[in-house]
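Accompanying notes for the structure given below.
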Amino acid sequence: MELKDLFDKAVKESRELADKPSNDALLQLYSLFKQATEGDVHTDPPSNPFDFVSKAKYEAWASLKSKSKEEAMQEYIRLVEKLKR
């Protein structure tokens with residue numbers, strides 16, 4: 001199976017996990033997904049200093065700067081496999 005196919009399968013499986021992942025795991029899933037599908041962050045940081053969720057998402061994605069899309073896909077797949085256990 002190609003990496004993209006494995007990634008798409010992991011994305012589907014991430015939505016069907018038996019237990020809801022922790023907030024940290026959800027943030028990792030989000031940032032790896034964005035890096036894998038869009039590459040480096042290309043938006044401005046949230047302007048509202050009290051929008052903690054958006055700020056955390058932005059910072060998590062920005063922390064993956066320069067990680068290749070393929071690396072992000074592989075890490076996403078590994079994380080979903082770990083969460084399925």
Tell me which residues, restricted to region 1-12, are of a type outside the set (Lys, Arg) and without any contact (Cβ under 8 Å) to a residue 40 or more places away in the chain.
1, 2, 5, 8
Which pairs do you get when a residue that is touching a residue at least 60 places away in the same chain (Cβ under 8 Å), found in region 37-54, comes within reach of a residue that is part of a helix (DSSP H, G or I) and exposed (fewer than 13 other Cβ atoms within 10 Å of the Cβ), reach meaning Cβ atoms under 7 angstrom, with the pair 6+ apart or on two chains?
none
For region 55-85 the number of residues that are of a type in the set (A, V, I, L, M) and without any contact (Cβ under 8 Å) to a residue 24 or more places away in the chain is 1
Within region 28-69, the count of residues that are within 23 Å of residue 17 (Cα to Cα) and in contact with a Lys or Arg (Cβ under 9 Å, 6 or more places away or on another chain) comes to 10
Restricting attention to region 13-25, which residues are closer than 12 Å to residue 76 by Cα and either touching a Lys or Arg at 6+ places or on another chain (Cβ under 6 Å) or surrounded by fewer than 16 Cβ atoms within 10 Å (Cβ to Cβ) (or both)?
13
Looking at region 13-33, I want the residues that are under 21 Å from residue 65 (Cβ atoms) and in contact (Cβ under 8 Å) with a residue 24 or more places away in the chain and have a partner that is among the aromatic types (Phe, Trp, Tyr) and in a helix (DSSP H, G or I) with Cβ atoms under 6 Å, at least 6 apart or on another chain. Which pairs are those?
31/61; 32/76
Of the residues that make up region 58-77, is at least one in contact with a Phe, Trp or Tyr (Cβ under 9 Å, 6 or more places away or on another chain), in a loop (DSSP other than H, G, I, E, B) and among the β-branched types (Val, Ile, Thr)?
no
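Each reported figure results from applying straightforward, stated rules to the coordinates on display, with no laboratory input. Just so it is clear, the model here is predicted, and its values are computed rather than measured. FYI the Cβ positions are ideal-geometry reconstructions off the backbone, even for glycines, and counts take in every protein chain you see.
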